[in-house]
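Visitor: I'd like to ask some things about the structure below.
The values are calculated or read from the model by the stated rules, or taken from the named source; none is laboratory data. Computed from a prediction, not measured in an experiment: that's the story for all the values here. Counting neighbours? That spans all protein chains shown, and the Cβs are built from the backbone with ideal geometry, glycine included.
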Amino acid sequence: MDPNSICRKTKRLAGKQAELCQTQPEIVHEVAKGAKLGVRECQYQFRFRRWNCTSQNKYFGKILQQDIRETAFVYAITAAGVTHTVTQACSMGELLQCGCEATRSRAPPRPASFSTTTSGEGVKWEWGGCGDDVEFGYEKSKQFMDAKRKKGKSDIRTR
């Protein structure tokens, strides 16, 4: 699932997907990584079932065109994977369009057993105030996953 190959197939992509390919290819790279992550998780979750999300299976594409619970699961787990990878890329500074979640005003609560000083070195750790921008990851996932395909048959969309 190379991002370049996704964007080369823009004839099948419409609206927001095609726009992302043209204007934000680095986001498409993270979308592709997230989709792979989602498929791997799907394969793990269905590992003991007859159909286990194996994408080489000739029925994989047909299943994704049906409005059945397996399709809903595949779309949901893929959307979660995309949200995760885009959010992580933002936090790591790999995307210029986003960064840290800035609305957090204080540190999250620390576990009672947590020490602010590491033993031996006397180095103190403090909350830097920079959280993951999950909202940005969610919006980009939704933008890509919810876009209607030109010849798509399924009505299932992420929510």
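Visitor: Taking segment 9-18 on its own, how many of its residues are within 10 Å of residue 144 (Cβ to Cβ) and either at pLDDT below 75 or acidic (Asp, Glu) (or both)?
Guide: 1
Visitor: Applying the selection to segment 29-62, what residues are of a type in the set (Val, Ile, Thr) and at pLDDT below 90?
Guide: Answer for segment 29-62, where residues must be of a type in the set (Val, Ile, Thr) and at pLDDT below 90: 39, 54.
Visitor: Residues in segment 18-27: is at least one part of a helix (DSSP H, G or I), hydrophobic (A, V, I, L, M, F, W, C), touching a residue at least 40 places away in the same chain (Cβ under 8 Å) and crowded, with 19+ Cβ neighbours inside 10 Å?
Guide: Looking for residues that are part of a helix (DSSP H, G or I), hydrophobic (A, V, I, L, M, F, W, C), touching a residue at least 40 places away in the same chain (Cβ under 8 Å) and crowded, with 19+ Cβ neighbours inside 10 Å, one finds at least one in segment 18-27, hence yes.
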